[in-house]
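The values are calculated or read from the model by the stated rules, or taken from the named source; none is laboratory data. The structure presented is a predicted model; accordingly, all values stated were derived computationally and were not measured. Quick reminder, even Gly has a Cβ in these numbers, built from the backbone with ideal geometry, and neighbours come from all protein chains shown. Areas reflect the complete protein model, heavy atoms only, side chains present, ligands, DNA and RNA absent. Shrake-Rupley method; radii C 1.70, N 1.55, O 1.52, S 1.80 Å.
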Amino acid sequence: MNVAKRTCTIASILACLLAIFVAIWAPDPWSKAKDGGRNACPMGYGGKAEERRRTANQAAVAFVRGNLWTGQDKMPWASAMLVSEEGKVIVLGETEEILAQIEDDVKVVSLDGKYVYPGFHDSHVHLITGGLSLSSIDLQHVHTREEFVERVKQGVARG
């Protein structure tokens, strides 16, 4: 195995190990709550009602009447969430509570009982083959000998 392929393989393995490490040992967002997490949103926003209302003022969209799995022991499920214009979840809670907090200009989307799960969203890249492809020479759309030679020269120059 050449050095470039070995490096990509090692990088892919390290990326997998990092993802596992983060999934297992990431800090618990409940620890940010001032009241020990009794009324806290799993996203780490404050537990007091006035803090939640202040955060709700930043909302662009309210997703309500759903089944939202949070992945947190203290609040494993919610039925609603507020999302900022940047696409970040800013508050999780129950539908009635969320609807009472929002301003008139917040778009409300009913999930009609559908499920929402947090997670990574990617284009389905297989890490090892994806990493190895970075060290290969792309010969797609090569139609002549000259194009072939030029692509190989570029690949060799890249290392």
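For Asp138 and Lys107, what is the calculated FRET efficiency with R₀ set at 35 Å and r taken between the beta-carbons, to the nearest 0.05? Please list the in-between numbers first.
On the way: r = 42 Å, r/R0 = 1.21.
The calculated FRET efficiency here is 0.25.
To the nearest 10 square angstrom, what accessible area does Ile128 show with a 1.4 Å probe?
80
I'd like the accessible area for Ser133: 1.4 Å probe, protein heavy atoms, all chains in place, Å² to the nearest 10.
Estimated to the nearest 10 Å², Ser133 gives 60 Å².
Which cross-chain or sequence-distant (5 or more) residues have an amide H under 5 Å from the amide H of Ala60, H modelled 1.01 Å from N in plane?
Val83, Ser84, Glu85
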